[in-house]
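Please treat every number below as a calculation from the coordinates, not as lab data. All values derive from a computational prediction rather than experimental measurement. As a convention, Cβ positions derive from the backbone with ideal geometry for all residues, glycine included, and neighbour counts pool all protein chains shown.
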Number of protein chains: 2
Amino acid sequence: MLAAMSATTPHPAQAINDDIARASPALLALLSELGREAVYPPDIPHQAAQARGKRFNATIGQITDGHGRVLALPSLERQVSGLEGDHNAALLYSPIEGRESLRRRWRGRHRPSSPAASPSSLPLVVAGLTHGLALVADLFCDRGRAVVVPVPFWGNYRQIFALRRGGRIVPADIYRAGRFDPAALRAPLDALPEGEPALVLLNLPSNPVGYSPTASESDHLVEALAGAAARRPLLVVCDDAYAGLVYEDDIPRESLFWRLGSIDERLLAVKIDGCTKELVFFGGRVAFLTFPFEPDLPVTRALESKTKCLLRASVGSPVAVSQEIALATLEHAGVEAEIEQVRQVLARRYRALREALERADPRLLRPLPFNSGCFALLELPEGLDAEAVRLRLLAEFDTGVVASPPRHLRIAYCSVAEEAIPELVSRIEAGIAAESS
Amino acid sequence: MLAAMSATTPHPAQAINDDIARASPALLALLSELGREAVYPPDIPHQAAQARGKRFNATIGQITDGHGRVLALPSLERQVSGLEGDHNAALLYSPIEGRESLRRRWRGRHRPSSPAASPSSLPLVVAGLTHGLALVADLFCDRGRAVVVPVPFWGNYRQIFALRRGGRIVPADIYRAGRFDPAALRAPLDALPEGEPALVLLNLPSNPVGYSPTASESDHLVEALAGAAARRPLLVVCDDAYAGLVYEDDIPRESLFWRLGSIDERLLAVKIDGCTKELVFFGGRVAFLTFPFEPDLPVTRALESKTKCLLRASVGSPVAVSQEIALATLEHAGVEAEIEQVRQVLARRYRALREALERADPRLLRPLPFNSGCFALLELPEGLDAEAVRLRLLAEFDTGVVASPPRHLRIAYCSVAEEAIPELVSRIEAGIAAESS
């Protein structure tokens, strides 16, 4: 469509595309057709923003008392009476980019203190991690684009990048030899034609494997990505859904995003994280999308304009009530200690699971390396079918696990009590044994 | 992609596409390529559903105490302490299709008692009206598909259907002669090649016009749609965002959706409505998508499977905390009276606005017909530029309205106090006069 516009009328996105090209030609090359088209239109939200504070303001399509306060139903308002935040803001529309105070607090909470940390924008609020991924797919994934993903991966990546956007999922066999091998990322990338833009999805700690790289593995991973970016524009999507849930002292807890900002001008990273796991707020649907540029730069504003356009075209403004809940929670002095307590509960389950698995028969099950997140993944013996084992565990052992065909079972120890874990592993082992015989 | 599958391996969506074809060949013809591809995969949510109630359940990727209760941060849990609903459900993931009790209640609240009312599914919960529209666009809008929309229309339709899905917006000049003319819908539809599927977007009460048809106009509208469906598969999207906000006694309040189910087998209607305006819960992002088939039929399950697939690929599960708030609100005996009180407040503003506009100089402004919703739309004299008037009103009259270029101003009286309305109209009139001179 850009090409079809008349030569005398610039496309409305032209100015922000120019801002992007000036900051990063690789970023422009990475944008999808939809990403290039998108620009936040100067219509109602823009006009409403200009009218803010005027004595007579008839721009706002919300039902208020005429002075900015929602005309709340009493039966509804009492439902949020426990909220320590702004009740009015909870019941009215959020700005499309999210509440600024929450965005600032989230950035401050995550940004490492080191001056070497990569640049980062004020995060945009999105409707959950999946929505952040879907927006990245809209912006950067066109039909046929290679999306390199370590296997095994969260199945929903396929819906988001392949089904909806036509991307081509390219598996990277990163756990091949029973250990995390960053070099395995290079082969599928190097097999692509030189110069062709590509995406890499990194979910660390990972679902379903539950692994985070060691410091040395992280170094090798960064090297592998830098090597790949020497040959093409490369977007690294850091899906940090499980940020902070790390249970071994020698495993870095910081997102790889903070190391990727300055290693190659053709490597761009985006960070997606959220309240879902970090604040144990699964029902809230508040997540964040961060770009690798400082706030208020022209390139940052250009990416925000495109993202806000696509936000409007997909879900509109993010949920306000959840943002107020998250903000009020983060304003509690003790909240980081509460988050640490949850981490410790999960760490104890993690240790119980490790111990139980170490006692299990390695001829029946072998865990992939795991040290973080919510899950462990078991590899079954050759010849066994994960789905058959799952159904047997349901039917005969009163036990539910997730099958990841052909030969893996996922254990979500985040939802199993510590004291139940030994028996859970015994039943899984017995189910596999029954299926093997 | 369907065509590219091997002849011996049926596409995973084939079975549900067959269910759709058996119930309605027109519906199958209306599906987009993405809509035909989509099928809810039998993976984690499906496996988790099968494991519900098992003694050992390690399927759930949520952080719980091991017995189904969220490991909530105390600082977060206190934020929902006023909620009369299920706190645990508010903090954990909602089912992808929404909480069943809310879906049932919403259906019951909207379904007319008349046995002649069109069939309707259990509505799916979506993340706001926009998200419902975006899902309909995913399901039914392909590149180049005609999307007929009465003008003037909400600008975001363009982002949702044209920008993101490549649809072709075809304006229908339904308010041409200063009155609502349903026949105006026919011309753009009849101009399309016979048999080509098309979409019609009906937003009644409308944004930005604020109009709902009379009983006789509704009859003509239904006739026009039936006539159009005689020549092609036609999907009528009922965007009922402003349902119930009707201020004249002789204007039907019921959605047209309830009349469209049986007029032609080639006419399919979907209904999108929500808590945003109906429960004055703008910050909640809870809306509903209803299909024109009774619950539990194969065709209904097929459409639900496709929609759930696209839900997962766009935002994941809908916000749980807002659903609990909406459900608890709807369970209050007095809630319908509270909703009626809001309607009466808006009805008084509506009357104040009508009276003020009747006193205004018709050479300066003429309202399009309005009788419902949140807005009125003023037509400016020829030669005036709406954007210039808007900027003048901001700069010189301390007054904000929305410009709908080239020649309309939108007044959102839903956010202006009744007593301010005469002065608001005076200032708008004075601003137009100043711009005219």
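Annotations for the structure displayed:
- The calculated FRET efficiency for the pair B:Glu396 and A:Ala187, based on their C-beta separation and a Förster distance of 56 Å, comes to about 0.25.
- Between region A:162-212 and region A:95-116, the C-alpha centres lie 28 angstrom from each other.
- Nearest-to-axis residue of chain A, judged by beta-carbon position, where the axis maps A onto B, in Å: A:Gly82, 2
- For region A:349-437, pairs of C-alpha atoms spaced more than 23 angstrom apart make up 11 percent of the total.
- Longest to shortest principal axis, alpha-carbon extents of the protein assembly as shown, angstrom: 87, 61, 53
- Helical content alone sets the calculated 222 nm signal of chain B at -11500 deg cm²/dmol, taking -39,500 (n - 2.57) per DSSP H segment of four or more residues and averaging over every residue.
- With the alpha-carbon atoms of chain A aligned to their principal axes, the span from lowest to highest coordinate is 77, 59, 41 Å, starting with the largest.
- Per-residue mean of foreign Cβ neighbours for B:398-409 is 5 (Cβ atoms of other chains, 10 Å radius).
- Summed side-chain charge close to A:Ile263 - residues other than A:Ile263 whose Cβ falls under 15 Å, Lys, Arg +1, Asp, Glu -1: +1
- Per-residue mean of foreign Cβ neighbours for B:332-342 is 3 (Cβ atoms of other chains, 10 Å radius).
- Stokes-Einstein translational diffusion, region A:183-255 - Kirkwood Rh over all Cα pairs, 1.567 mPa s, 4 °C, in µm²/s: 99 µm²/s
- Within 10 Å of the Cβ of each residue in A:41-54, the mean number of Cβ atoms contributed by other protein chains is 5.
- Residues of type aspartates and glutamates that B:Lys306 reaches as a straight line, Cα spacing below 15 Å, ignoring anything fewer than 8 places off in the same chain: B:Asp18, B:Asp19, B:Glu33, B:Glu37, B:Asp43, B:Glu97, B:Asp138, B:Asp296
- If only the Cβ of Lys and Arg carry +1 and only the Cβ of Asp and Glu carry -1, the dipole of region A:102-161 around its Cα centre is close to 320 debye.
- Chain A: Cys lacking any partner C-beta under 4.7 angstrom: A:Cys141, A:Cys238, A:Cys275, A:Cys309
- Teacher prompt: B:Ser436 distances to equivalent labels in other copies, 7 Å Cα→Cβ, nm: 9.0
- Using distinct alpha-carbon pairs, which all enter the 1/r mean, Kirkwood radius of region A:305-397 in Å: 17.9 Å
- Volume of the Cα convex hull of region B:255-342, divided per residue and given in Å³: 131 Å³
- Distances, shortest first, from the label point of B:Arg363 to those at the same position in the other copies read 10.1 nm; the point lies 7 Å along Cα to C-beta.
- Distance violations [Cα-Cα > 28 Å] among A:Lys54/B:Lys271; A:Lys277/B:Lys277; A:Lys271/B:Lys54; A:Lys308/B:Lys308; A:Lys271/B:Lys271: A:Lys54/B:Lys271; A:Lys277/B:Lys277; A:Lys271/B:Lys54; A:Lys271/B:Lys271
- Centre separation in Å (Cα based) which lies between region A:395-431 and region A:320-352: 26 Å
- Anisotropy class of region A:41-104 from Cα gyration tensor, a/c 1.5 cut: oblate
- Comparing B:Arg179, B:Arg36, B:Arg259 in a Gaussian network model of chain B, where Cα atoms under 10 Å apart are tied by springs, the biggest mean-square fluctuation is seen for B:Arg179.
- Ranked by how many other beta carbons lie within 10 Å on average, peptides B:395-403, B:315-323, A:181-189 from highest: B:315-323, B:395-403, A:181-189
- The label point for B:Glu194 and the one for A:Arg363, both projected 7 Å from the Cα toward the Cβ, are 7.4 nm apart.
- Each Cα pair under 8 Å and six or more residues apart adds its separation to the average, and for chain A the resulting relative contact order is 19 percent.
- In order along region A:188-193, the phi-based Karplus estimate (6.51 cos²θ - 1.76 cosθ + 1.60, θ = phi - 60°) of 3J(HN,Hα) comes to x, 6, 5, 6, 7, x Hz; Gly and Pro are listed as x.
- Counted as membrane-span-like here are DSSP H helices of chain A whose alpha-carbon atoms extend 20 Å or more along the helix's own axis and whose Kyte-Doolittle mean is -1.0 or above; these are A:215-229, A:298-314, A:335-359, A:421-436.
- Choice from A:Leu409, A:Leu73, A:Leu139 with maximal GNM fluctuation in chain A (Cα, 10 Å cutoff): A:Leu73
- FRET efficiency for the pair B:Glu265 and A:Ala215, taken as 1/(1 + (r/R0)^6) with r the Cβ-Cβ distance and R0 = 60 Å, rounds to 0.40.
- Rg in Å to one decimal, and Dmax rounded to a whole Å, for region A:150-276 via C-alpha atoms: 14.0, 41
- Between the residues B:Gly35, B:Pro112, B:Ala90, the greatest Cα displacement towards the positive end of the dipole of region B:14-131, with unit charges on the Cβ of Lys, Arg, Asp and Glu, is found for B:Pro112.
- Once you reduce region B:256-309 and region B:144-160 to the center of their Cα atoms, the two points are 19 Å from each other.
- Dipole size of chain B about its Cα centre, with +1 on Lys/Arg Cβ and -1 on Asp/Glu Cβ: approximately 1000 debye, rounded to the nearest 20.
- Inter-copy separations for B:Pro115, label at 7 Å along Cα-Cβ, nm, ascending: 8.1
- Structure remark: mean-square fluctuation, Gaussian network model of chain B, C-alpha springs under 10 Å; the largest value among B:Gly383, B:Gly167, B:Gly178 belongs to B:Gly383.
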